[in-house]
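As structure tokens, the structure follows; a few thoughts come after it.
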Amino acid sequence: MMKLLSANFFSMLHTKRLWLGAVFMAGFAGIEIWSRHRLVSQGFADANLDESILSFAPLIFVLLPIICGLFINTDYHDGTIRNKLTVGRSRSSVYIANLLIVWLVEIFYTAIHFVVVLVGGIGLTFNNLADTLLRGGLLLLTIAALAAIATFIATLITGRYALVLCALIAIGMMFGSQMMNSMLESPDTTPDYRDVTIITDEDGNTRYEYFDSEGNKYADPDDIPMVPNPGYVHEPLRTIMRKYNDVSPGGQLWEIVQRGHVEWDIEKQERVELVTPVWQLVLYSVLLIVGFTLLGLGIFKRKDLK
């Protein structure tokens, strides 16, 4: 195993894609900390690093599967995987070594981001260091689960489209979960008006005037009738979507970054802020890692490597 890891490490270090990704991570971190300093100087933000230090997550969420797909797919087309098996390495060792090198890249990119933010953020402090460290650890575990999924795909699909598939799955998870969160915030009813006009008086004060389908103006916005909202998500789809976001790395990403999620409470008739327990996030990530790794190992052992 150590020889395989050394070979993977040597190969990864000598690829331009690794260092190109590192440049992206460093550049993004630099822009993030510059923006933080700028907002603080203008009085729009607190002088803390909590959110800046965790801003690496969305970028690495997309970048890591691409690196994973490129690395493993190149091994296929260069015959490297066949060579490793020819010299007596087991398929399990090859699979695990590939997964571990992707995790090392995750740690490497995260470290680059942290160093740039901490050095550039001299003069700023943490508002809650313990909470930031906890959320950072959860994000690393969540992205490790995504890496396990990407390794599974890239190892079992030898075509060049494996890279595209890894990228699309990561992007789909991230933005799909964000869209689901937005849908679950929608209320079950919505005001029934056709047009709205914005009126600004001489003093600069703004008011809204609402009109029904026949063009009649409502004297008071409270008089607008409420009708069922076609965008409201009903059961059982509502529970399915919520559970998917709890389990999916994309859903966990936003859960951790945004410190929870918002849902419409039909009984209270208001939006409520909810937080998925930390133990559940950890459990789901670990199950994804173990599940996709075992499944990948089982299929890879029987895969015909032509």
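The values are calculated or read from the model by the stated rules, or taken from the named source; none is laboratory data. Predicted, not measured: the structure shown is a model, and the values here were computed from it. Cβ atoms come from the backbone with ideal geometry, glycine included; neighbour counts cover every protein chain shown. For accessibility, only protein heavy atoms count, side chains too; no ligands or nucleic acids. Shrake-Rupley method; radii C 1.70, N 1.55, O 1.52, S 1.80 Å.
Using the structure shown, decide if Ala45 is open to solvent by less than 30 Å² (accessible area, probe 1.4 Å), within 25 Å of the chain's Cα centre (by Cα) and modelled with pLDDT of 90 or more. For Ala45, the condition - open to solvent by less than 30 Å² (accessible area, probe 1.4 Å), within 25 Å of the chain's Cα centre (by Cα) and modelled with pLDDT of 90 or more - is not met. Within the stretch 97-111, residues that are buried (at least 17 other Cβ atoms within 10 Å of the Cβ) sit with their Cβ atoms under 8 Å from residues that are charged (D, E, K, R), at 6+ positions apart or across chains, in these pairs: Asn98/Asp75.
Residues considered: Leu165, Leu133, Leu139. Of these, the only one that is assigned to a helix (DSSP H, G or I), closer than 22 Å to Phe28 by Cβ and open to solvent by 10 Å² or more (accessible area, probe 1.4 Å) is Leu133.
Among the conditions (1) at pLDDT below 85; (2) β-branched (Val, Ile, Thr); (3) surrounded by fewer than 18 Cβ atoms within 10 Å (Cβ to Cβ), Val119 misses just one, which is (1).
Is there a residue in the stretch 73-89 that is among the hydrophobic types (A, V, I, L, M, F, W, C), out of contact with any Lys or Arg (no Cβ under 7 Å at 6 or more places or on another chain) and at pLDDT 80 or above? No; the residues of the stretch 73-89 include none that is among the hydrophobic types (A, V, I, L, M, F, W, C), out of contact with any Lys or Arg (no Cβ under 7 Å at 6 or more places or on another chain) and at pLDDT 80 or above. Taken together, the residues in the stretch 250-305 that are crowded, with 16+ Cβ neighbours inside 10 Å, farther than 30 Å from Thr158 by Cβ and among the aromatic types (Phe, Trp, Tyr) amount to 2. Selection of first residues in the stretch 21-42 that are outside the structural domain of Glu106 (by the TED database) and surrounded by 15 or more Cβ atoms within 10 Å (Cβ to Cβ) and of second residues that are outside any helix (DSSP H, G or I) and at pLDDT below 90, restricted to Cβ pairs under 8 Å at least 6 apart or on distinct chains, gives an empty result.
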